[in-house]
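J.: Just passing along the structure, written as structure tokens.
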Amino acid sequence: MAIDSQTATTPTPTTTSRTNGLRAEAPGSERLTGRAKLVLFVLCAAQFMVALDFSVLNVALPVLGKDLGLSRSALQWAVTAFALPSGGFLLLFGRIADLYGRKKLFLLGLALFGAASLLATLAWDPASFLAGRALQGLGAAVIVPTGMSLLTTTFPEGPLRDKAVGISGTLLSLGFTIGMVLGGVMTDTLGWRSTMGLLSVTAVIVFALAPGLLPESRTPDRPRLDVPGAVTVTGGLLALIYSLSSAAQRGFGGVDVWGTLLAGLVLLVAFAVVESKTPAPLVSLPMLKRRTIAWGNLAGLVTFSMMSTVIFVLTLYLQETLGLSSFRTGLVFGVQGVASAFAGSFAPKVIGRFGARRTLTGSLFGQGLFTAALLAVGADSGALVATVAVSVASMFHLGAIISYGLTVTSGVPDAEQGLATGLVTTTQQVGLTIGIPLLGVLATTQTSLFGGVRTVLVADAAIVVAAAVLVGVGLGAGRTRKA
């Protein structure tokens with residue numbers, strides 16, 4: 001279903017949906033109605049909740065480990081247990097939602113996420129906590145692609161979708177940043193369990209509002225689910241994320257790291273072969289050949305992986321080189337979050353003026369240049385420079401997030417929006433996973449941490465700027481004004 005400037009669209013041969021009375025305020029209006037705002041609030045609240053879960057627990061890990069008896073080496077599983085299912089099952093659930101109903105899957109994901117958060121809150125030993133985290137990840141793998149596809153099928157291409165995706169992208173970035181600050185405050189005042197309890201309460205609120213507001217949509221013909229494709233892509237992504245998550249903790253020296261990495265690549269190659277031969281593929285290979293999808297997802301992979309690496313090494317620099325407390329470090333990222341929110345408020349206007357492709361290319365350039373500006377920090381001082389540079393880099397990063405999401409989903413039929421948004425969110429998750437093990441280890445394995453941080457920043461900035469050039473050429477950003 002879509003909202004346009006006059007009336008809601010009627011069902012087409014590629015999608016079925018209900019209008020639910022969602023209309024713009026007047027013909028030609030770009031403003032959202034009250035009901036449309038509520039729909040957007042529900043979808044964005046769910047995305048914000050998942051983004052919050054990515055980071056809210058990080059600063060609580062040492063306290064959590066002591067309370068539950070998790071060793072330092074085992075603490076990585078508090079993160080990995082969530083990352084494995086949340087990244088591995090995104091494409092599968094995005095396609096299932098296309099076929100059997102996005103709203104139904106969205107509600108199922110919310111229920112699972114809320115119950116899993118409650119289990120993690122009440123965990124009595126490491127096994128129960130890690131089970132809760134894994135089920136949270138599975139719920140997130142349902143919520144993220146279905147929520148995004150509900151957003152893109154509810155709001156049509158143009159100013160309304162630009163505005164909706166802009167708000168969603170802002171909250172996604174804010175959720176990650178706020179989680180880092182909020183996690184420290186809640187852990188110090190209420191204990192680590194409060195971080196998981198917050199997620200459970202949020203899931204209950206969103207679940208209570210969603211049924212009466214969200215429209216249902218799905219493809220009407222319901223072709224057979226591509227089971228071989230689902231098995232190979234899910235297995236490949238699970239193996240890939242496991243290997244890279246393990247490498248971030250222990251380096252690439254382990255046999256299991258290389259073994260699972262090789263297995264993941266083999267399964268993904270097998271997936272490509274399966275998709276080329278099946279009559280109803282999970283992923284349409286012709287879709288992957290579209291310039292907007294191929295180059296847009298490359299841009300997304302780079303912007304997420306490289307910014308997550310910057311945040312990782314900057315945290316090390318602020319705390320271990322400059323000796324800042326966790327609270328003061330959190331304030332730096334709080335400023336970053338405010339800057340991201342500001343960027344999100346005007347990003348749709350920039351996209352409306354210059355088009356998503358040009359905005360995407362320019363945003364990558366900006367992120368790379370201000371990542372390079374972080375090289376101005378010193379071994380004895382530099383907190384102010386770091387705060388300003390990372391905040392401006394994050395503003396461009398948010399512009400890249402919003403414009404890449406619009407670039408990838410533009411021109412895609414409603415029947416394939418779950419697949420397109422599944423690719424977007426899978427790219428996001430893989431990007432968040434691979435950046436730190438690929439570059440972050442350069443900071444942690446060198447004799448001088450400060451020297452290692454500078455090495456990472458140089459490589460990071462170079463990769464982002466190079467990607468901006470490639471994406472700009474690949475999308476033909478200089479030859480077209482609109483997305």
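J.: Provide the net charge surrounding A272, with neighbours chosen by a C-beta distance below 14 Å and charges set as Lys +1, Arg +1, Asp -1, Glu -1.
T.: 0
J.: On a straight-distance basis, which lysines could pair with K163 in a cross-link, Cα separation under 30 angstrom, same-chain partners fewer than 8 positions away excluded?
T.: Partners found: K37, K103, K104, K289, K349, K482.
J.: For E320, E275, write out the residues from largest to smallest accessible area, computed with a 1.4 angstrom probe and no ligands counted.
T.: Result of the area sort, largest leading: E320, E275.
J.: Rounded, prolate or oblate: which fits the range 238-386, taking a ≥ b ≥ c as square roots of the Cα gyration tensor eigenvalues, rounded meaning a/c under 1.5, else prolate when a/b beats b/c?
T.: The shape class here is oblate.
J.: Also, I was wondering about something else. Go through the range 109-119 residue by residue and turn each phi into a ³J(HN,Hα) via Karplus (6.51, -1.76, 1.60, θ = phi - 60°); whole Hz please, and just put x for glycine and proline.
T.: Using θ = phi - 60°, the values come out as x, 4, 4, 5, 5, x, 5, 5, 5, 5, 4 Hz.
J.: With the crude spin-label approximation of a point 7 Å out along Cα→Cβ, what separation in nm comes out for A383 versus S276?
T.: 5.6
The values are calculated or read from the model by the stated rules, or taken from the named source; none is laboratory data. In this text, all values refer to a predicted model and were calculated from it rather than measured experimentally. Here the Cβ is made from the backbone with ideal geometry for all residues, glycine too, and neighbour counts use every protein chain on show. What goes into the accessible areas is simple: the full protein's heavy atoms, side chains included, and nothing from ligands, DNA or RNA. Shrake-Rupley method; radii C 1.70, N 1.55, O 1.52, S 1.80 Å.
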